[in-house]
1. What is the distance, in nm, between label points placed 7 Å from the Cα along the Cα-to-Cβ direction at N73 and at E312?
2. Under the classification rounded if a/c is under 1.5, otherwise prolate if a/b is larger than b/c and oblate if not, where does the range 127-255 fall, given a ≥ b ≥ c as square roots of the Cα gyration tensor eigenvalues?
3. Among 302-311, 347-356, what's the highest-first ranking by average C-beta atoms within 10 angstrom per residue?
4. Ordering T153, T240 by how much accessible area each has at a 1.4 Å probe, largest first, what is the list?
5. Please compute the net charge surrounding G11, taking Lys and Arg as +1 and Asp and Glu as -1 over other residues with Cβ under 10 Å from its Cβ.
6. In the structure displayed, which of K167/K298; K147/K350; K147/K360; K294/K360 lie more than 23 Å apart, Cα to Cα?
7. What's the magnitude of the charge dipole for the range 131-210 around its Cα centre, counting Lys and Arg as +1 and Asp and Glu as -1 at the beta-carbon? Answer in Debye, nearest 20.
Amino acid sequence: MSDYHGSFNDGSSANRHDVSVRIDLSGLAISGGGLAQPVVWPFEELEAVDDIAKQVPFRIGCRCWPDARLTLNDQRLLADFRIHAPQLFGPPVSRRLRNVVLSIAGAGLLGASIWFGLPLASQWIASIVPIKWEVFLADQFADELVKEFASMTNDEPRVCDNPEGLKALDGLVAELADAGGSPYDFNVQVIDGGLNNAFALPGGRIFIFRGLLEFAQSPDQLAAVVAHEMGHVTLQHGTTAIVQGLGISFVFSVLLGDMGGGIVAAAGEILLRMSYSREAEAEADRSAIALLQKADLKVVGLSNFFERLAEEDGDLPAALQMLSTHPSSEQRAQLTKGLEDTGRSALSDKEWQAIRDICKQ
């Protein structure tokens, strides 16, 4: 991973120190500049002081070190930040304002202000939703979503559990997760259904149908799909859709810590009917390519997967709306063209066959 340079102020004096900065698996690693030892600012704890998408140099802070500021001047960092710390691209928020936002006493005032600007604020609101709440929501409606999708092909929604297949799949997921350094604990399961589909829920749960395993022609295509779905999770596309759909009721539930049955049911309905926007799909595609490169895996599988979809169906079938709706398969088949693909295969032949047999009892 590359080293970047920045200036660091610890907040206790006006002195600034030159430091070395590195994107680590768990966060932003800062060293030098008078620091007694390197420190890591976790991705989920990072917050923007400036509008980092528009201003260079830009400053960021960390909730783990309230008064410290890190000034950076390298725009190459922005691509990693969009994947690992998407909250940085929301409206810059001061510590005082954030405390008001999270204060129960200020919930009414906050709700009114968010209500009028919800479409613009939804991504930022999603970024302050604790991961444990995303996991809780997903756990509540995961079974119903799986049943609904399985019903499209009249299949029973059985979770496949062949031991050798599980071992190979878990190994692939762990390798991608380690390379990405995401704060999410990914849980990928295969459903014994003929639907050519995969979808991700907030919090890290990802479901792949047997039909997709049968459609994929290589382990690299499967790895690309998994990486793509991980991108949706890390970029909080599902959570953002829930915020947009439920508006003020969801904001109040987050503030009050009250995830009642009504909120859960409504959130599940939104995800079931949701189709990602062109922008969200493009972000997940770029995230997948970056993740595969970090894991030193072949990236061509992503283009190959969509190229085959274009050849087989002309474009994505309607049942694949949660995997992708925009842009078209033909456009996405060009994603990795021109990229140097020096990575290794995601799985051995034996592991790939084990995953393809994962639903055999």
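The values are calculated or read from the model by the stated rules, or taken from the named source; none is laboratory data. From a predicted model like this one, the values you see are computed outputs, not experimental measurements. Here Cβ is always computed from backbone atoms with ideal geometry, including for glycine, and neighbour counts include all displayed protein chains. For the accessible areas, the whole protein counts, side chains as well, though only heavy atoms, and no ligand, DNA or RNA atoms are used. Shrake-Rupley method; radii C 1.70, N 1.55, O 1.52, S 1.80 Å.
1. 5.1 nm
2. oblate
3. Order by mean packing, descending: 302-311, 347-356.
4. Heavy-atom accessible area, descending, gives T153, T240.
5. Residues close to G11 contribute a combined charge of -1.
6. K147/K350; K294/K360
7. 100 debye
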